[in-house]
Amino acid sequence: MMSKKPDNEQIVVDSIQSPEAAPVEDRDTEHNLRFIGLLNHYRHDWMNEIQVLFGYVKLKKYEKLESLMEKIRHKVQMESYIAKLGIPDLIVYLLAFQIEVKEITLEIVMEQEVHLNELAVDPHRIHAIVRGVMDTFKDNARQGFDGEHDLELHFLQEKERLVVKFVYQGIVKEARLMQSLQKIRQASKAYESWDVVQVKENQAVVAIGLSLNT
């Protein structure tokens, strides 16, 4: 009897949710399976966009093409920006978050390319901040609250610093969320400034500046 083939996307979920260190010989396989899962998802996503485009053409709904093409253009641009962030672990984390975290709709906002690996700041610290804050919002969304949960992640490179901003829309448990954010803040480096930390019933905003003159 043939054994059932493993589901690649489920393996991606398991690898994300199981942070325990795997044996060295298994890590390459896990990374490859994660990549395959991401690739399959984005291939399927783009096939859906193409089918919608062909559908409008076939039905001669030409008036809908302009807005669809603008949506596709924006999507391509954002995916290009993400791919060029320059920190592979962060890129994979963001792409996997968009796919696997069903409780939150993530939108990444950048006005231009930002090459984080070329900035005068520790890329591991950038990754830790982004992951820590986003995981905090993910845990909040998984508290069973009804309604939609949206998260915007902004990267803004200014002349002397990098600003990472998180805007969360959805019901929040204020005391617990603030406590989790404070733990991340306590690990701040000297070149970091938490410019904004606002938590309300239906919104949370966190803005962190990292000096580029270290």
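The values are calculated or read from the model by the stated rules, or taken from the named source; none is laboratory data. What you see is a predicted model; the values in this text were computed from it and never measured. Positions of Cβ are generated from backbone atoms using ideal geometry, with glycine treated the same way; all protein chains shown enter the neighbour counts. For accessibility, only protein heavy atoms count, side chains too; no ligands or nucleic acids. Shrake-Rupley method; radii C 1.70, N 1.55, O 1.52, S 1.80 Å.
Points to keep in mind about this one:
- Restraint check, K75/K159; K138/K173; K138/K200, Cα-Cα greater than 19 Å: K75/K159
- Amide H partners (placed H, <5 Å) of V101, local residues excluded: none
- Estimated inter-spin distance, K75 and Q203, nm [label 7 Å along Cα→Cβ]: 2.8 nm
- Interchain or long-range residues, amide H under 5 Å from L212's placed H: R161, L162
- Per-residue 3J(HN,Hα) values for the stretch 145-159, derived from phi via the Karplus relation 6.51 cos²θ - 1.76 cosθ + 1.60 with θ = phi - 60°, read 5, 6, x, 8, 10, 10, 9, 9, 10, 10, 10, 10, 9, 9, 4 Hz in sequence order (x marks Gly and Pro).
- Formal net charge of residues neighbouring E113 (Cβ-Cβ distance under 15 Å; K, R +1; D, E -1): -3
- Across the stretch 84-97, rounded Karplus estimates of 3J(HN,Hα) from the backbone phi angles (6.51 cos²θ - 1.76 cosθ + 1.60, θ = phi - 60°) give 9, 4, x, 10, x, 4, 5, 4, 5, 4, 5, 5, 5, 4 Hz, Gly and Pro being marked x.
- Qualifying GluC sites (Glu not before Pro) in the stretch 63-136, DSSP loop, other Cβ atoms within 10 Å at most 13: E111
- Taking I108, I50 and ordering them by how much accessible surface each has at a 1.4 Å probe, largest first, produces I50, I108.
- Evaluating 6.51 cos²θ - 1.76 cosθ + 1.60 at θ = phi - 60° for every residue in the stretch 50-59, the Karplus couplings come out as 5, 5, 5, 4, 5, x, 4, 5, 4, 8 Hz, glycine and proline recorded as x.
- Taking other residues whose beta carbon is less than 15 angstrom from the beta carbon of G55, and scoring Lys, Arg as +1 and Asp, Glu as -1, yields +3.
- Accessible area (Å², 1.4 Å probe, nearest 10) - V121: 10 Å²
- Nonpolar atom fraction for the stretch 129-185, defined as the carbon and sulfur part of the 1.4 Å probe accessible area, stands at 43 percent.
- Loop-resident GluC sites (Glu not before Pro) (DSSP state other than H, G, I, E or B) in the stretch 121-214 with no more than 11 further Cβ atoms inside 10 Å of their Cβ: E158, E160, E201.
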